[in-house]
Structure formats: structure tokens, C-alpha cells
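*Asks:* Got a structure here, written out as C-alpha cells. Questions coming.
The values are calculated or read from the model by the stated rules, or taken from the named source; none is laboratory data. Keep in mind that this is a model prediction, so the values were computed, not measured. As a convention, Cβ positions derive from the backbone with ideal geometry for all residues, glycine included, and neighbour counts pool all protein chains shown. Accessible surface is based on the protein model in full, side chains and every heavy atom, while ligands, DNA and RNA are left aside. Shrake-Rupley method; radii C 1.70, N 1.55, O 1.52, S 1.80 Å.
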Amino acid sequence: MANILIVDDDRQLSKALSRFVETRTGHRATSCHLLEEGLETARRESFDAIFLDVSLPDGDGLAALGKFKSTASAPEVIVMTGYASRCGAETAIRSDAWDYVKKPFEIEEALSVLEQALQYRKDKQRAAAVQDLALDRIAGSSPGMLQAHEKVRQCAAWDGNVLLTGETGTGKELFARAIHANSLRADKPFVAVDCTVLPENLVESWLFGYEKGSFTGADIPRGGLVRKAREGTLFLDEVGELPLGVQQKFLRVLDTRQFVPVGSQREVESKFRLIAATNREPEEMVERGTFRSDLLYRLCGTEIHLPPLRERMEDLCALVEFHLKRIAGEKGIESLRVTSEFMECLRTYSWPGNVRELVNVLETSAARVGESGKLFHYHIPEDLRIKTVQKMIAEKRANKSPALDDPMDGGKFPTLKEYRQVKVARFEKEYLQNLMRKSNNEIGKACKKSGMSKSRLYRLLKTHKISRKNKDDA
């Protein structure tokens, strides 16, 4: 018997759905009529599935979907709405909802969706019991990371293409390796290619190999990286850097898993699995004409977005503990411990370089520690300490920006990059606030006015913590 939660302010609908869930399926149903009441109930009890209304008196159901998913029982969520909205459907899917149904719906339809969700949950739990994920050097249990972990599990179970998105330093290669390590190809090669360092005039020869004498310096034939990845996984990091001509050729390689080395007339087969990554917005690259839309569609078998560290600061302690344990082992010392001042300094910083920057800071700090193995804030690199001090001073001043309105006040003069980041962030937030006000908080209108894709607009609104309705005029 499964445990089902219904969160809807329509008491008549909740009562009817509860009755049918219990009498027709034999499962137990609980009803709540407010968002906060539903969240509190989901945190207190274990549920297998949740029917969640979009529009509730005290909040937006879609905006809280991730909170329901991140409760201890990690239930499957079925979103209910009284109006049709392409934008709402997109948000529900991107938030990992099981399904999206429009009210009024037939009871048979709702029960069918519920049974499918419960069957999927049962299969997923069986798979998890058989095999725990190998997540080497990946730490954290925030909602965004748990969603990413679940997608790794799904991708490891099948052989489709995967696109990893996220800022530089969020761990895209680590996740690519995790997918490979948990798949049936784990004992085959994992070939990582950084597309940013491929010489433009040699991209094809590096990827597809070449025959002897095909160009100046080609003294011996080379197999190329695509051939090297045969039967294994090919990871194209920063795939957006591939020249358009190579993108066209690579599209055919994805279709046939065959390629022609430079200077050859003979096709070579390589049955690799592709994982690609980019720190750019894929749709923006297509709009600018720097990336082929047909190739993007082929790459996006599954998209996994990795959140920046500033959006999952609840993982900071786990990340610090994980990496300090690793660093201590590498240094051959018993342990590395942190003081409260050390952690407070880390919490204050915004981490533009994400987890990669955090690891570098921890390694630098550990190199400065004494025999006690205790890390004080003094061990943190000076530049980072200055920035955090400036930020803490700025937070005590009403409506003043950190050390930039008066650059000589309270510490080191900011670099141009630091100054630009603060100013751009301030401009973006002001622009988005005005945009949403002029668009009556309707995402569709805002996209038309701004020329932004919905995915980019959603991410910017989330970054700047700007609330919005999910009603779409499209």
C-alpha cells in the first residue's frame, strides 16, 4: 500500500480524489489545502506520490516542487493546474515532475497517472537496492544535486547522448565520469576532449585521426580521439567551441557512428557513447548562429544542469569535509580540522569559480597549515579573505555596494573583473525587475519583450531571487 499526499485548496476535489485513491487502488490518501501545510506534512511523513496544485492561496506549487522532491521520501510529484500553459508544463518537467495534468480531469486519468508513477518508483527503488551509484569526488545532498544524482542513475542505465550544462567549475567532467563508471561501458575507455584547446586547423585530425602524408608533419598515421573512444565514452567538454564545419561532420558521425580520417577514403567505425558539456546557454548559441540546432537536438538526449555553488551553499560543509579528508590522505596526515572563523569566511564568499575554486582554496589553505592540522581563517588566501571582509562590511551599510562605490575604502582596490561582475549583476537584477513588472509577471510576454529563451529567463530570475508567476500568455 502506497502513501499518497494531495495538496489542493479545492476541498471538494481533494475529498473526491482521496476517496477514489483509497477505494479504487487501496492506497492511503492524505489531503492538505495550503502549500506550507503540505510541505510540513511531506517533511513529517513518508509519501510515495504527491498530487500538487499549481495555484495555492499561500504560494506557487511549481516553485515549491523541488522542496517536495527533496523531502526524505523523495516522492514522485504529479502537478495539477486549472489552466493550460506551455511554460508551466516546461517548468514542471525541468523540475523533475512525474507528470502534468490539466483540471478538470477524469478520475480514471488521474489514477492511471498515479499507478504509472508508483510503478516507476518501485522499479527505481529496486535498481537502487541492486546498485549504489559510484560518485567519485562528488559530494552534496542539496535538492539540485539530488536531482542530478538521479539523472546520473537514469543515464547510466541506458546508452543515449547526454548534455551537461552549468557554469565553469561545477563538476561537469566529474558527472560525465560518474555516468561512465556506473554504465555497462565502465570497463571501456573514457576519452575526455577539451574543445577549447583543440587547434582550429587541427580539430578534424585530432578527433578523426589522419593518414600518413595527409598534411605537413603527418609522418605516421594517427587513430584520433573518436576511434580511441570506441566501445567506451567520448566526453566533449565545452562542445560549443567546435567550429561549425566540424559540427556538421560530427553530426553525421553521431548518426552513423562512422567517420573518415583526414587524408583517407575509408570509413572507420567507432561505437562510442557521447557525453557533451557546455558552460553556455545552448539555445543562445543556436540563436547567435555559433552552434547548429540539429546537432544540439542530437546532443540533448538527456540534459543535466549542475547548479552553481552559490545556489547550493547547504552543501558547503559536506564539500569541505570530503575534500579535506582527501587532502589529508594525500599529505599523509591524520586529519585536517576547521575553525568556525574559517567556515564563516567560506560561507561569506560567493564562489564565482564554483567547486573547482573551493577545492583550490582548500588545497592552498592545507599547504599553509601547521602540525596541529587546524585550519584558521588566516590560512585562507589573502585575496579571498579581503573580498569576504569587504562583503561583511558592505552588508552592514544600507544600500551601499562592496568597496566599489568608494574603491579605496576598507581594503584592496578591486580588479576590473570584480568591478564589472558587481555592476553587471546589479544591472541584470534591475532590468529583470522592470521586465517582469512591464510584462505583468507573465513569462511568455517577458520572453517576447527581452528576446530571451524561457530557460535563460528562468535561470536569471532564480539567480537574482526574483519571484514570478508561472502563468504564460502564450
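*Asks:* For the range 192-250, treating each Cα as an identical point scatterer without solvent, what Debye log10 I(q)/I(0) comes out at q = 0.25 1/Å?
*Replies:* -1.11
*Asks:* Helices from the chain with mean Kyte-Doolittle at least -1.0 and a Cα length along the axis of 30 Å or more, per DSSP H: which?
*Replies:* 107-130
*Asks:* Something else about it: Using a cut-off of 15 Å between alpha-carbon atoms, which aspartates and glutamates can reach Lys423, once sequence neighbours fewer than 8 places away in the same chain are excluded?
*Replies:* Those aspartates and glutamates meeting the cut-off are Asp405, Asp406.
*Asks:* Can you list residues whose amide H is under 5 Å from Ile304's amide H, if they're 5+ apart or on another chain and H is modeled 1.01 Å from N?
*Replies:* Answer set, sorted by chain and number: Leu163, Leu164, Thr165.
*Asks:* Could you rank the peptides 71-77, 13-19, 102-108, 171-177 by their average count of other C-beta atoms within 10 Å per residue, with the highest value first?
*Replies:* In descending order of packing, they fall as 171-177, 71-77, 13-19, 102-108.
*Asks:* Return the calculated 222 nm mean residue ellipticity for the chain, to the nearest 500 deg cm²/dmol, obtained by summing -39500 (n - 2.57) across DSSP H runs with n ≥ 4 and dividing by the residue count.
*Replies:* So the calculated ellipticity at 222 nm is -14000 deg cm²/dmol.
*Asks:* As an exercise, take the mean of 1/r over every pair of distinct alpha carbons in the range 1-106, invert it, and state the Kirkwood radius in angstroms.
*Replies:* Every distinct Cα pair counted, the radius reaches 13.5 Å.
*Asks:* Suppose we take every Cα in the chain and form the convex hull; what volume per residue is that in Å³?
*Replies:* 196
*Asks:* Sticking with this structure for a sec: Averaging sequence separations of C-alpha pairs under 8 Å and six or more residues apart, then dividing by the length of the chain, give the relative contact order as a whole percent.
*Replies:* Computed over the chain, the figure is 12 percent.
*Asks:* Place +1 on the Cβ of every Lys and Arg and -1 on the Cβ of every Asp and Glu in the chain, take the dipole about the Cα centre, and give the residue among Leu251, Tyr419, Leu184 whose Cα lies farthest towards its positive end.
*Replies:* Tyr419
*Asks:* Now, a different point. What lysines does Lys331 reach when the alpha-carbon gap must be under 17 Å and sequence neighbours fewer than 8 apart in one chain are set aside?
*Replies:* Straight-distance partners of Lys331: Lys374.
*Asks:* At 1.4 Å probe radius, can you tell me the per residue accessible area of the range 1-112 in Å²?
*Replies:* Spelled out: the 1.4 Å probe surface of the range 1-112, per residue, equals 45 Å².
*Asks:* Let me ask something else. Just to be sure I understand the model, the point goes 7 Å from the Cα along the line to the Cβ. What's the resulting Gln265 to Ser46 distance in nm?
*Replies:* The modelled label-to-label distance comes out at 6.8 nm.
*Asks:* All other residues with a Cβ under 12 Å from the Cβ of Phe215 taken together, and with Lys, Arg as +1 and Asp, Glu as -1, what is their net charge?
*Replies:* Overall, the nearby charge balance is -1.
*Asks:* My understanding is that a pair violates if its Cα-Cα distance is over 28 Å; which of Lys122/Lys465; Lys69/Lys172; Lys69/Lys391; Lys188/Lys249 do that in this structure?
*Replies:* The pairs that break the limit, which is 28 Å between Cα atoms, are Lys122/Lys465; Lys69/Lys391.
*Asks:* For a quick protection proxy, order the peptides 155-166, 38-49 by their average other-Cβ count within 10 Å, most packed first.
*Replies:* The densest-packed peptide leads the list: 155-166, 38-49.
*Asks:* Something else: How many percent of the accessible area of the range 110-184 is carbon or sulfur, using a 1.4 Å probe?
*Replies:* 54
*Asks:* If you count only protein heavy atoms with a 1.4 Å probe, what accessible area per residue comes out for the range 181-295, rounded to a whole Å²?
*Replies:* I get 50 Å² per residue for the range 181-295.
*Asks:* Calculate what fraction, in whole %, of the accessible area of the range 259-409 sits on carbon and sulfur atoms when a 1.4 Å probe is rolled over the protein chains.
*Replies:* Carbon-and-sulfur percentage of accessible area, whole number: 50.
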